[in-house]
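Worksheet: one structure, shown below.
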Amino acid sequence: MANTRSAKKAQRVALRRRVHNVRRKGAMKMAVKQMDRFVGGKNSGDAEGQLKVLYQAVDKATKNGTIHRNTAARMKSRAARQLRALAA
């Protein structure tokens, strides 16, 4: 339990940030899972549309510091590589 006023405020701020981070991370994970489903089902049209959604979710999470920019780049690269393999 936080004792000082500043520690109590820091705890409140951390809780607010956690809620935002969990929401962004959840959206990102759902986009990745959906992309995997489309790639696994050999559905290139839907996978191409989902790639844009995935990019948007990953970029938002990166912009706000939920994930590191290198992690975002790796995720986007893997998704694009899956789509290229599906098209070939």
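Rule-based calculations on the coordinates, nothing more; no lab input. In this text the structure is predicted, and so the values were computed from the model without any measurement. A quick note on method: Cβ atoms are made from the backbone with ideal geometry, for glycine too, and the neighbour counts reach across all protein chains shown.
Observations, loosely collected:
- T62 meets each of the listed conditions (1) outside any helix (DSSP H, G or I); (2) surrounded by 13 or more Cβ atoms within 10 Å (Cβ to Cβ) apart from (1).
- Pick from the range 42-55, criterion in contact (Cβ under 8 Å) with a residue 12 or more places away in the chain and part of a helix (DSSP H, G or I), ranking: nearest to A80 (Cα to Cα): L51
- Pairs linking a residue in the range 16-41 that is surrounded by 12 or more Cβ atoms within 10 Å (Cβ to Cβ) to a residue that is among the hydroxyl-bearing types (S, T, Y), with Cβ atoms under 7 Å and 6 or more positions apart or on different chains, are N21/T66; R24/T66; K25/T66.
- Subset of the range 65-88 [outside any helix (DSSP H, G or I) and either surrounded by 13 or more Cβ atoms within 10 Å (Cβ to Cβ) or not hydrophobic (A, V, I, L, M, F, W, C) (or both)]: G65, T66, I67, H68
- Any chance N64 is touching a residue at least 24 places away in the same chain (Cβ under 8 Å), on the phi < 0 side of the Ramachandran plot and polar (S, T, N, Q): yes
- Residue in the range 33-43 that is basic (K, R) and within 11 Å of the chain's Cα centre (by Cα) present: yes
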